[in-house]
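All remarks here apply to the structure that follows.
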Amino acid sequence: MSEPPGAAVSVTEAPPLPDVPSKHLTAQRVVPLRRPGRWIATAVVLVLAAQFVHGLATNPFYQWDRFGYWFLRPTVLDGLLITLEVTAYSAVLGLLGGILLALARLSKSPVLRAVSWTYVWALRSIPLIVVLLFLYNFSALYRTLSVGVPFGPAFFSFDESRLATDMVIAVIGLSLNEAAYAAEVVRGGILSVDQGQHEAASALGLPKSYQFRRIVFPQALRSITPNYVNQLIGLVKSTSLVFYVSLLDLFGTVQSMGATYPGDIVPLLLVATVWYLILTSAVSVVQFYVERHYARGATRSLPPTPLQKLRAGLTDLRARIRREAAV
């Protein structure tokens, strides 16, 4: 039966719940879940690592005294300097070439897209050693190079054999190869930028060059940096191939010294190995700080540096010691 209009509706309140006596809560120690498999795996890894280190330290075949003799020899350091020079020049030229190729690949011109795709396809298909050997024998095919009108007069020409020194051949070969891989890294970084960024920049009427330099490329670097640093580490190791074009870099110096002193082949190879580890580790450290720099504005908090991690670990250790002392 419905209530007449304007009539008050009575609401029956629920009876109050009886008071539940609160139990006295006592502090209890939380026991972590035991993981025996993790402890067994850790013990096995530690035993294997200890055996490996013991073998390195005690095996007379490694000749660590000869390793110490060769490690800082002027001949080895000269080869190391050449490796650094070739890596630096090739990294810069390869990245610049990769940016140009990536922009050509993303261009609306079908000719630029076709040329860029063909270059990347060809240079990624041909082994680097073949490129270096081809450039080393390039003077046999073209003794002089000229710039002018095709099938017409040349404006100027120069002797290729005079300019193509061993250093130039090594840098050009590595740069050409590096540009092909860098182009795909840069193109992937540019495509990773949100399309709304391009539309917003175009809506503001900004020039294309300004959009790329100040808006698109800085954001693309967040994706480009880790991938290109991997390429850079590979470039450091690829410099060992310039030995085949008569340029004595670090690996070439070690090879020539090993031929002169056959009894020191193993320690000389260890010298090259340690120097390559140092170089790639330095590149990895630079990568961390570059990624940290470009992560600003993209993450809530920047990843801590190794020094900050060490300080935090020491602080936690002191706090743990104080708690245990108080107990």
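Taken together, the values in this text are just the output of simple stated rules run on the coordinates, not laboratory data. Just so we're clear, the structure is a prediction, and the values are computed from it rather than from any experiment. Glycine also receives a Cβ, built like all others from the backbone with ideal geometry; neighbour counts cover every protein chain displayed.
So here's what we get for this one:
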quantity	calculated
Additional length obtainable on full extension of the chain from THR118 to LEU314, 0.36 nm per residue less Cα span	65.0 nm
Gain in span if fully extended, VAL53 to LYS208, counting 0.36 nm per residue against the direct Cα distance	50.1 nm
Point-to-point label distance, ILE321-THR75, nm (Cα→Cβ direction, 7 Å offset)	5.1
Largest to smallest principal axis extent of the C-alpha atoms in segment 209-252, angstrom	44, 20, 11
Long-range Cα-Cα pairs in segment 35-97 (distance over 16 Å), rounded percent	70
Diffusion constant of segment 237-292 at 4 °C, which comes from Stokes-Einstein with the Kirkwood Cα-pair radius and 1.567 mPa s, µm²/s	104
Rotationally averaged projected area of segment 200-311 (alpha carbon convex hull; nm²)	11.2
